[in-house]
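For reference, the structure is listed below as structure tokens.
Computed from the coordinates by the stated procedures, all read-outs in this text should not be read as laboratory data. Note that the structure is a prediction, hence the values are computed from the model and not measured. All Cβ positions, even for glycine, are placed from backbone atoms using ideal geometry, and neighbour counts span all protein chains on display.
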Amino acid sequence: MENNTHKLVVIVASVREGRFGPVVASWLAEQADSHGGFDVDVVDLADVEIPLSLPAASPKYAGDEYPRPAGMRHLTTALESADAFVVVTPEYNHSYPASLKAAIDWHFTQWTAKPVAFVSYGGAAGGRHAVLHLENVLTELHAVTIRDGLAFPNYFTAWQDGRPLDPETPGYAKTLLDQLAWWAGALKSAREAAPYPA
Ligand SMILES: Cc1cc2nc3c(=O)[nH]c(=O)nc-3n(C[C@H](O)[C@H](O)[C@H](O)COP(=O)(O)O)c2cc1C
């Protein structure tokens, strides 16, 4: 990783057959690459083993000893090493997909005192309900959510050939990424200066 860049993990939340999520994630990763402030890793939850049944103890207190499945290792390592996250999520029944909640519940400290931005898409609401729920959930993990997200209502008419049709969108993405980079640097310095009092 180059100096002055932050490790950014982009999470593809949807694992649905025929999903649109990878299109959005790949465009966002491209924006983050050209931003220059990040070393980007895209983690697709469809490639991760995420059992619904959890171990007895909470991952909050278990540290590295938490008994996760082998097929989750890449996700855990990516979350652990991240300085910042972008969650790319659709909206299912006015929330975010169960795949993402299950992945979140297998972890805890990997999110603590790190910034998270959201890129959502869906029908008329553009994933707004999904993001509201995620802000609530990730606050419990002591993550810091970024105000400026990207939302794509009726994405099926708003995208063509893997890109949003609105020419302003890359500018909105830059604002999101600028804020995320600022928080990534600030929180990394803070984590290095003193342990977070969780
Ligand atoms: C089970 C299910 C529930 C959905 N509920 C909503 C919803 O509440 N609001 C919405 O805007 N879109 C909803 N949609 C439409 C999805 O946002 C749309 O299908 C989108 O493509 C899903 O993302 P994906 O293709 O990456 O899985 C729903 C889709 C599914 C499959």
| query | Are any of the residues in region 81-97 within 12 Å of the chain's Cα centre (by Cα) and among the acidic types (Asp, Glu)? | reply | yes
| query | Can you tell me which of Ala103, Ala78 is within 16 Å of the ligand (Cβ to nearest atom), under 21 Å from Val48 (Cβ atoms) and buried (at least 17 other Cβ atoms within 10 Å of the Cβ)? | reply | Ala103
| task | Among the candidates Ala117, Ala113, Ala102, single out the residue that is of a type outside the set (Val, Ile, Thr) and within 13 Å of Leu45 (Cα to Cα). | result | Ala102
| said: Name the residue that is farthest from Leu8 (Cα to Cα), counting only residues in region 142-191 that are among the small types (Gly, Ala, Ser) and in contact with a helix residue (DSSP H, G or I) (Cβ under 7 Å, 6 or more places away or on another chain). | reply: Gly162
| Do you know which residues across region 1-31 are aliphatic (A, V, I, L, M) and under 13 Å from the mean Cα position of the chain (by Cα)? | Leu8, Val9, Val10, Ile11, Val12, Ala13, Val24, Ala25, Leu28, Ala29
| Which ones in region 146-186 are under 18 Å from Ser34 (Cα atoms), outside any helix (DSSP H, G or I) and of a type outside the set (Gly, Ala, Ser)? | Leu150, Arg163, Pro164, Pro167, Glu168
| said: Please verify whether Phe156 is out of contact with any strand residue (DSSP E or B) (no Cβ under 7 Å at 6 or more places or on another chain), within 11 Å of the ligand (Cβ to nearest atom), hydrophobic (A, V, I, L, M, F, W, C) and within 20 Å of Trp27 (Cα to Cα), treating the condition exactly as stated. | reply: yes
| Output for region 114-140, where each listed residue is surrounded by fewer than 19 Cβ atoms within 10 Å (Cβ to Cβ) and under 22 Å from His6 (Cα atoms) | Glu135, Thr139
